[in-house]
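Enquirer: Got a structure for you, questions after.
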Amino acid sequence: MKSIVIYFSESGNTKKAAEYIAEQTKSDIERLSPVKPYPKDYDKLVEVSGDELDNDVYPEIKNQISFDNYDTIYLGYPTWYHQAPMIIHSFFDKFDLKNKTVIPFTTTYSSPFSESEPFIKKMVINKGIELKRGFRANSNSEINKYFSK
Ligand SMILES: Cc1cc2nc3c(=O)[nH]c(=O)nc-3n(C[C@H](O)[C@H](O)[C@H](O)COP(=O)(O)O)c2cc1C
């Protein structure tokens, strides 16, 4: 069985981390795209993403992904408002990941991984997913540190 890196990234930091992780773990890779793209303008992005969070909106995901050939999913996201973006809720809602292992990783400005971890834990409740310890992936050395343990 193979592994796949699934990630969401707006400004490219998580994309960079995801590509490095895919290379290091010989995983396939796919970027999550919302049906309705987020605004490029930072202030507008803050407004739209804040509204989603406040109103518990699950933005629709464009991707159709079959996980049949994968047993492990590295799941990357930027930390937004000390947690994972709402599209990560959409991800767990849209795809049946029963019996899969999920390893989350995040890029952030300053938040440690431990801030978003409890939110991910909640998202996988009763889904038959094995959630492994995740990590912050702001740099290749931070990523290497995780894989050397
Ligand atoms: C709406 C929004 C909220 C954010 N909230 C946080 C936060 O709570 N903590 C933090 O350290 N960084 C925060 N950031 C910074 C991002 O986590 C950081 O820039 C991340 O690497 C962006 O990833 P990306 O380039 O893959 O989109 C926020 C950024 C945005 C746009």
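Enquirer: Which residues, taken from segment 113-126, are exposed (fewer than 13 other Cβ atoms within 10 Å of the Cβ), on the phi < 0 side of the Ramachandran plot and not basic (K, R)? Steps first, answer last, please.
Expert: If we filter segment 113-126 for residues that are exposed (fewer than 13 other Cβ atoms within 10 Å of the Cβ), which is where we start, we get 114, 118, 121-122, 125-126.
Among the residues that remain, those that are also on the phi < 0 side of the Ramachandran plot are: 114, 118, 121-122, 125.
Once the filter is applied, which keeps residues that are exposed (fewer than 13 other Cβ atoms within 10 Å of the Cβ), on the phi < 0 side of the Ramachandran plot and not basic (K, R), segment 113-126 yields S114, P118, I125.
Enquirer: Let me ask you something else. Got a sec? Which of E52, E30 is touching a helix residue (DSSP H, G or I) at 6+ places or on another chain (Cβ under 6 Å), charged (D, E, K, R) and either more than 18 Å from L97 (Cα to Cα) or free of Cβ contacts under 8 Å to residues at least 40 places away in the same chain (or both)? Before you say what the answer is, go through the steps one by one.
Expert: Values: E30 fails: touching a helix residue (DSSP H, G or I) at 6+ places or on another chain (Cβ under 6 Å).
Checking each option against the conditions leaves just E52.
Enquirer: Let me confirm something: among I143, I103, which residue is touching a residue at least 60 places away in the same chain (Cβ under 8 Å), β-branched (V, I, T), within 18 Å of A22 (Cβ to Cβ) and buried (at least 17 other Cβ atoms within 10 Å of the Cβ)?
Expert: Working: I103 fails: touching a residue at least 60 places away in the same chain (Cβ under 8 Å).
Among I143, I103, only I143 is touching a residue at least 60 places away in the same chain (Cβ under 8 Å), β-branched (V, I, T), within 18 Å of A22 (Cβ to Cβ) and buried (at least 17 other Cβ atoms within 10 Å of the Cβ).
Enquirer: Please state which of the following conditions I61 fails to meet, knowing it meets all the rest: (1) in contact with a helix residue (DSSP H, G or I) (Cβ under 6 Å, 6 or more places away or on another chain); (2) free of Cβ contacts under 8 Å to residues at least 24 places away in the same chain.
Expert: (2)
Enquirer: Next question, about the same structure. Within segment 68-83, which residues are in contact with a strand residue (DSSP E or B) (Cβ under 9 Å, 6 or more places away or on another chain) and surrounded by 15 or more Cβ atoms within 10 Å (Cβ to Cβ)? Spell out the reasoning first.
Expert: Of the residues in segment 68-83, the ones in contact with a strand residue (DSSP E or B) (Cβ under 9 Å, 6 or more places away or on another chain) are 69-79.
Residues satisfying the conditions are Y70, T72, I73, Y74, L75, G76, Y77, P78, T79.
Enquirer: Quick check, is I143 modelled with pLDDT of 95 or more, touching a Phe, Trp or Tyr at 6+ places or on another chain (Cβ under 7 Å) and of a type in the set (V, I, T)? Spell out how you get there, then give the answer.
Expert: Working: modelled with pLDDT of 95 or more: yes; touching a Phe, Trp or Tyr at 6+ places or on another chain (Cβ under 7 Å): yes; of a type in the set (V, I, T): yes.
Criteria met by I143.
Enquirer: Go over the candidates N126, N144 one by one and state the one that is more than 17 Å from S27 (Cβ to Cβ) and away from the ligand (no atom under 15 Å from the Cβ).
Expert: Values: N144 fails: more than 17 Å from S27 (Cβ to Cβ).
The conditions single out N126.
The values are calculated or read from the model by the stated rules, or taken from the named source; none is laboratory data. Remember, predicted model here, so these are calculated numbers, not experimental data. A quick note on method: Cβ atoms are made from the backbone with ideal geometry, for glycine too, and the neighbour counts reach across all protein chains shown.
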